[in-house]
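Quick notes on the structure that follows.
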Ligand SMILES: NC(=O)C1=CN([C@@H]2O[C@H](COP(=O)(O)OP(=O)(O)OC[C@H]3O[C@@H](n4cnc5c(N)ncnc54)[C@H](O)[C@@H]3O)[C@@H](O)[C@H]2O)[C@@H](O)CC1
Ligand SMILES: [K+]
């Protein structure tokens, strides 16, 4: 698990490390600069070898997709320019320039801003650089440098970028150089990922201690390039005492945090998922959700679907217990859930409702019933969300009334209906809309999905997903996700629903990464996502 900080938390960690624990600021800075230099020298090596530097991490959405033509790159006399602002981000850059020179790489510094406003650390770094005779330039000639180091603003950026800052950032972006941002791309708001006027389009960002939210959320993610996180010695004590609200997973987390498969167990040990999905014309969605729940590891899956879908589901997924909700309506639409629906609700540990369910009166009555479930995790997806939004619009329901056992999985448009806000409003503050609107858990789906715990959950966390790629943008992908989340939640009913949801989102993303290792991102289908689960879930 990796913490992701916002600007305030990152500053607090700096502060506690320096002022409470007593690690000198310049010591942290020296390590930060060394971290930057280490990464630059790797790139420099590649450039010098005339390599085409196509960063592979586009798969993680962290790449600006630059492929420098080797012919455009000078090799033997490669030069680096550090563009430094007057705060400590600039000071990191000046320290890095000194280290690069020390390692024999021709490096110059271009200062931006009023030197009279330089931070104490910046003044110190400038003094050292001057004593060593490092060259300073006043102008930045286009395409003169193979690598430009962006050390203009870090987490201290606090307002729109204008004037000479804006000009230099536009010049940097207009160059052919490989661009390395120090800590965060200058212009990206470290908390929300917004672009404050303009921002450096980095090929790589070398960040310190922890990931910053702004480099993962859009549009900041597009400006960050490949992200390297460097440990510069912030003590765990400082990080723990700040306890950042956001986190993301790494592959090892699957092995140590997912429910374990113990030796003496049977199918009853891994939970029961009920999928209420599929109307007459939509059998596939039901199949995808149910099959994914099995592949994610739950013990038993039961399906309630339209009568017409039963035969095909029995054939396609013989592992599932297949029934129909239709017989509940034999007496007309005056629905009092009885027979199979009530029995199935009682049977289940986790319920999924919505994929391909349609918006018929039957579907609405089913959703109405499931909204009353209190004692088990419920995933509401697709048409389940559309119906819920309709209930909210008609004032029959309130988003705030849904309990902490519910997981909603809206994409931006669905969230816009649920929250009564525009998609732009949602897009611009995904962590807020994933957490602050409701008591339930929300999986807010986008290229960078955010999972939030309800607003009243003590110490509620925000998960920002970093796995996956655009191969996932295919029909049925969301149905599969609902099944994966339910399948994981069912294996440990004590697991916080938001954690199960975060794992589900992470694993769903990993399937696409695995798939595109050998196959085309154009061709992945929902069935492939289900198939790839066997390659990405722990063995
Ligand atoms: N000792 C420390 O505190 C450490 C700091 N580190 C570096 O320090 C950075 C944070 O340094 P600072 O807090 O000095 O902040 P920055 O260096 O990010 O920038 C702060 C300066 O920019 C000004 N500013 C903000 N927005 C502006 C705008 N739009 N136009 C013009 N000026 C603007 C501020 O008034 C301030 O003077 C981190 O990102 C990291 O790179 C690292 O070296 C780790 C250790
Ligand atoms: K920067």
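At-a-glance table
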quantity	calculated
Residue 475 within 28 Å of residue 261 (Cα to Cα) and in contact (Cβ under 8 Å) with a residue 40 or more places away in the chain	no
Breaking point among (1) under 30 Å from residue 193 (Cβ atoms); (2) touching a strand residue (DSSP E or B) at 6+ places or on another chain (Cβ under 6 Å), for residue 322	(1)
Residue in region 172-190 that is within 15 Å of the chain's Cα centre (by Cα) and in contact (Cβ under 8 Å) with a residue 24 or more places away in the chain present	yes
Residue selected from region 119-140 under the condition within 16 Å of ligand 2 (Cβ to nearest atom) and modelled with pLDDT of 95 or more, by the criterion surrounded by the fewest Cβ atoms within 10 Å (Cβ to Cβ)	119
Output for region 191-201, where each listed residue is more than 8 Å from ligand 2 (Cβ to nearest atom) and either over 16 Å from the mean Cα position of the chain (by Cα) or within 17 Å of residue 170 (Cβ to Cβ) (or both)	195, 196, 197, 198, 199, 201
Those strands (runs of 3 or more DSSP E) lying entirely in region 434-501 with at least 1 residues within 17 Å of the chain's Cα centre (by Cα) and more than 16 Å from residue 385 (Cα to Cα)	450-452, 462-464
Any hit, region 163-178, residues being more than 9 Å from ligand 1 (Cβ to nearest atom), within 29 Å of residue 450 (Cα to Cα), modelled with pLDDT of 95 or more and surrounded by 22 or more Cβ atoms within 10 Å (Cβ to Cβ)	no
Qualifying positions in region 155-177 - touching a helix residue (DSSP H, G or I) at 6+ places or on another chain (Cβ under 7 Å) and within 15 Å of ligand 2 (Cβ to nearest atom)	155, 156, 161
Some residue of region 250-273 being closer than 12 Å to residue 3 by Cβ and crowded, with 19+ Cβ neighbours inside 10 Å	no
Residue within region 141-154 that is more than 12 Å from ligand 2 (Cβ to nearest atom) and under 17 Å from the mean Cα position of the chain (by Cα) present	no
Failed condition for residue 538, given (1) over 23 Å from residue 430 (Cα atoms); (2) surrounded by fewer than 18 Cβ atoms within 10 Å (Cβ to Cβ); (3) free of Cβ contacts under 8 Å to residues at least 40 places away in the same chain	(3)
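The values are calculated or read from the model by the stated rules, or taken from the named source; none is laboratory data. These figures come from a predicted structure and were not determined experimentally. Note: ideal-geometry Cβ built from the backbone for every residue, glycine included; neighbour counts use all protein chains shown.
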